[in-house]
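K.L.:
Here it is, the structure, as structure tokens.
The values are calculated or read from the model by the stated rules, or taken from the named source; none is laboratory data. As the structure is a computational prediction, the values presented were derived from the model and not from experiment. Cβ sites come from the backbone with ideal geometry, for glycine too, and all protein chains shown count toward neighbours.
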Amino acid sequence: MLIFASDILYPVDLTSHDPASATQSSTERTFDVIVVGSGPAGLVAAELLSRDPDVNVLILEAGGPSLQCTGGTLVPPYANGTGLTYFDIPGEYANVAFMLPSNVSSSWHMEWLDTPKNHLAKLVGGSSSINAALYFRPPASYVDEIQWPYGAADVAAGFAEIEKGFGWTDVPSTDGLWYAQDVYAHMASALKHSANFTERSINQTPDLKHLVYGHPPFTIKHGLRDSPAKTFLGAMATRSNVVLEMWATAVQVQHKHGRASGVVYNKGNAVGTALWTAQLRSPHGAVLLAAGTLNTPKLLLQSGIGPTQQLPLVHALGLPLPLGPWIQNEAVGAQLFDTHQVAVTFRAPTSVLQGRRRFGFDYLHPPPEAVRQFLDRRAGPLTSSNPVFISYESVVHPTTSREFHFQITVFPHAVPPYGDNAMEFTLCFNLNNPMSRAALGFSPNTNRRGRPLYGMLPNTTLYWDNDDDLDMMVTYINQTISRLSDVDTTPVFSPPDQATIASSSWEESPHEWVRQHTLVTDHFGGTCSAHPSSSSSCADASLVVRGTSNVFVGDGSLVSGGSVNPYGFVMYTGYQVSIGVKKHLTMSNQSHPDNSQTPRDDNRGGD
């Protein structure tokens, strides 16, 4: 595999083999498939497509290296000499996501995104290189809930195929032990006795998502992150038909009346940039957008594809290529959602210790013995990210009868701002299937260069736009507080701060408190959703953008609603779109791809 960082081959060892020496820039070659984004879906799709040595694949990544195997060098002080980066070490998740200084983390933040603010990753592996590595198989019912173009059996087959390429486990420590289990046992006791929850192996029983709890499953192997930047990218390391361009930010899809012929991109880092064009080698090639829920709509809009109201704003951007006839697709950027998350700290009684020294584990300040355990044996709490307990419950709205799917993710420590009580731990309340929706696009507001800003559109609200979402979250938090009180565990609410937005108290106004303490979960979706039959969806059943013939999408933007943590399903979309692209590449006389699987056509109408 040829790997470029700016104009220079980047020295990367993805497996035991060195990548081939680069003699050509990607701009001096043509490709059958251009993949925009090296996130979890993009890397899965690229690996599956490049198994055919006759299919030349270019991967454009806006950021730089991440894990050690990609050339990453951001190493925590205690790991000096090992080469293991913050991204490799599962226990550094919270540091990477929230605590590193901005002059470090800004290198993988998306500077072009005005809102929503988040920590999503502009680097090799995308979100899968910085997330908590929580990997869930969705319930079979999910495909019906989101009107996915493929049935549950097809999705299960896709998961089985991608799981051949990586490891997942709910026992990440190499010594076969679980850690911070006092917190786990305490939560289990409360939920079993107060609400009849049962313990399950979450990924072995994916359809059970009501009144169940269990150990979190992770994509971790031998105590290290086992994400697509290591696994699927590693599988391509010796393939001469794959090129990875880092620091390559896609600007426009070059197309004529919806048939793509290439991608224009800025190539370079902070030192300087240059404009390049990667070309498809035949009219029957494909462009695959895997830039993520927040970025794929931007690239479509800049390519002249999207809602007609965006046309004058896109014209004002001063783009490299003149826009051709605008391709109307009103669903581009619409229906943005995110899991609604609120974190509440609780305090357990010291009596649960029963003579033990420690109740939880502080991942942000690991003790020396935990560091030694990890470095010497790849064992201990640092072999997983912070979550130690997961539970699921579906709650039916008393008036509408709609089901609201709640997930509680438990950290064995308080989240910032810290208390000084070692008995504190944090529950992250997740509403996985909110009704609230916002929209992404360019707005009349301008940046310092006088160009329209890209982000959430004015007058759209991502969180708690729907009153039922808010009511059900408040009800569920109150219900959980009551359940935990049965084991003498109480919530710890910070006092209101009149100098900040957090000026409400839970006791006086729980609804307002929830609004003020909502976290960006980064489980985004909906901005180019696919539908088996609706002509008003952004993408069709083959995951082709409507109005185009060879522009495919493979990322979280395809799903119209949420379920479990989406990391696994996003990887699956890479598998599913690769099938459509492969079929398209073989159909030289047709302008629109079929799929080797049969998409559902249930005539359920529009979204």
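K.L.:
If we keep just the residues of the range 144-167 that are in contact with a Phe, Trp or Tyr (Cβ under 7 Å, 6 or more places away or on another chain) and surrounded by 17 or more Cβ atoms within 10 Å (Cβ to Cβ), which is farthest from residue 48 (Cα to Cα)?
P.N.:
Kept after step one, since they are in contact with a Phe, Trp or Tyr (Cβ under 7 Å, 6 or more places away or on another chain), are these residues of the range 144-167: 155, 158-159, 161-162, 165.
Checking the rest, the ones that are also surrounded by 17 or more Cβ atoms within 10 Å (Cβ to Cβ) come to 155, 158-159, 162, 165.
Working: 155: 16, 158: 12, 159: 13, 162: 9, 165: 10 Å.
Per the criteria, the residue is 155.
K.L.:
Further, regarding this structure: Of the residues 97, 133, only one is of a type in the set (A, V, I, L, M, F, W, C), on the phi > 0 side of the Ramachandran plot and under 18 Å from the mean Cα position of the chain (by Cα); which?
P.N.:
Numbers: 97 fails: on the phi > 0 side of the Ramachandran plot.
Matching residue, one of 97, 133: 133.
K.L.:
Of all residues in the range 4-40, count the ones that are in contact with a strand residue (DSSP E or B) (Cβ under 9 Å, 6 or more places away or on another chain) and modelled with pLDDT of 60 or more.
P.N.:
In the first step, residues of the range 4-40 are kept if they are in contact with a strand residue (DSSP E or B) (Cβ under 9 Å, 6 or more places away or on another chain); the result is 4-7, 9-12, 14, 19-27, 29-38.
Pick out the ones that are also modelled with pLDDT of 60 or more and you get 4-5, 29-38.
Counting residues in the range 4-40 that are in contact with a strand residue (DSSP E or B) (Cβ under 9 Å, 6 or more places away or on another chain) and modelled with pLDDT of 60 or more gives 12.
K.L.:
Hey, residue 542 hits all of (1) in contact (Cβ under 8 Å) with a residue 40 or more places away in the chain; (2) at positive phi; (3) of a type in the set (S, T, N, Q) but one; which does it fall short on?
P.N.:
With respect to (1) in contact (Cβ under 8 Å) with a residue 40 or more places away in the chain; (2) at positive phi; (3) of a type in the set (S, T, N, Q), residue 542 is out only on (2).
K.L.:
Restricting the range 82-97 to residues that are touching a residue at least 60 places away in the same chain (Cβ under 8 Å) and assigned to a loop (DSSP other than H, G, I, E, B), which is surrounded by the most Cβ atoms within 10 Å (Cβ to Cβ)? Break it down stepwise before answering.
P.N.:
Quick first cut of the range 82-97, residues touching a residue at least 60 places away in the same chain (Cβ under 8 Å) only: 82, 84, 87-95.
Checking which are assigned to a loop (DSSP other than H, G, I, E, B) leaves us with 82, 84, 87-89.
Numbers: 82: 14, 84: 23, 87: 31, 88: 26, 89: 28.
If we take residues in the range 82-97 being touching a residue at least 60 places away in the same chain (Cβ under 8 Å) and assigned to a loop (DSSP other than H, G, I, E, B), then 87 is surrounded by the most Cβ atoms within 10 Å (Cβ to Cβ).
K.L.:
Right, another one. Looking at residue 364 and the list (1) modelled with pLDDT of 95 or more; (2) surrounded by fewer than 21 Cβ atoms within 10 Å (Cβ to Cβ); (3) of a type in the set (A, V, I, L, M, F, W, C), which single condition is not satisfied?
P.N.:
Here residue 364 clears every test but (1).
K.L.:
Something else: Quick one: which residue in 257, 210 is in contact (Cβ under 8 Å) with a residue 60 or more places away in the chain and on the phi > 0 side of the Ramachandran plot? I'd like the intermediate steps shown before the answer.
P.N.:
On the way: 210 fails: on the phi > 0 side of the Ramachandran plot.
Just a single option satisfies the conditions, and that option is 257.
K.L.:
Given (1) out of contact with any helix residue (DSSP H, G or I) (no Cβ under 9 Å at 6 or more places or on another chain); (2) more than 30 Å from residue 534 (Cα to Cα), where does residue 116 come up short, assuming only one miss?
P.N.:
Going through the list (1) out of contact with any helix residue (DSSP H, G or I) (no Cβ under 9 Å at 6 or more places or on another chain); (2) more than 30 Å from residue 534 (Cα to Cα), residue 116 breaks only (2).
K.L.:
Could you pull out every one of the helices (runs of 4 or more DSSP H) wholly within the range 138-232 that has 2 or more residues that are modelled with pLDDT of 95 or more and in contact with a strand residue (DSSP E or B) (Cβ under 9 Å, 6 or more places away or on another chain)? I'd like the intermediate steps shown before the answer.
P.N.:
Working: elements: 142-145, 152-162, 181-195.
Answer list for the range 138-232: 181-195.
K.L.:
For residue 440, indicate whether it is crowded, with 23+ Cβ neighbours inside 10 Å, touching an Asp or Glu at 6+ places or on another chain (Cβ under 8 Å) and farther than 23 Å from residue 95 by Cα. Lay out the reasoning, then the answer.
P.N.:
Values: crowded, with 23+ Cβ neighbours inside 10 Å: yes; touching an Asp or Glu at 6+ places or on another chain (Cβ under 8 Å): no; farther than 23 Å from residue 95 by Cα: yes.
So residue 440 does not fit the description; no.
K.L.:
Got at least one residue in the range 467-477 being closer than 23 Å to residue 440 by Cα and surrounded by 21 or more Cβ atoms within 10 Å (Cβ to Cβ)?
P.N.:
Checked the range 467-477: at least one residue is closer than 23 Å to residue 440 by Cα and surrounded by 21 or more Cβ atoms within 10 Å (Cβ to Cβ).
K.L.:
Can I ask one more? Grab the strands (runs of 3 or more DSSP E) fully contained in the range 475-566, keeping just those with 2 or more residues being closer than 30 Å to residue 427 by Cβ. Working first, answer last.
P.N.:
Details: elements: 490-492, 518-520, 551-553.
In the range 475-566, the matching strands (runs of 3 or more DSSP E) lie at 490-492, 518-520.
K.L.:
While we're looking at this one, here's another question. Looking at residue 442, is it of a type in the set (Phe, Trp, Tyr), assigned to a strand (DSSP E or B), at pLDDT 95 or above and under 21 Å from the mean Cα position of the chain (by Cα)? Steps first, please.
P.N.:
Numbers: of a type in the set (Phe, Trp, Tyr): yes; assigned to a strand (DSSP E or B): yes; at pLDDT 95 or above: yes; under 21 Å from the mean Cα position of the chain (by Cα): no.
So residue 442 fails the test.
K.L.:
Let me ask something additional. Just the residues that are among the small types (Gly, Ala, Ser) and within 20 Å of residue 578 (Cα to Cα), please, taken from the range 128-164.
P.N.:
128, 151, 152, 153, 156, 157, 158, 160
K.L.:
Within the range 458-493, how many residues are of a type in the set (A, V, I, L, M) and in contact with a helix residue (DSSP H, G or I) (Cβ under 9 Å, 6 or more places away or on another chain)?
P.N.:
Within the range 458-493, the first condition is being of a type in the set (A, V, I, L, M), and the residues that meet it are 462, 470, 472-474, 477, 481, 484, 487, 492.
Going one step further and asking which of them are in contact with a helix residue (DSSP H, G or I) (Cβ under 9 Å, 6 or more places away or on another chain), we end up with 470, 473-474, 477, 484, 487.
Number satisfying all stated conditions: 6.
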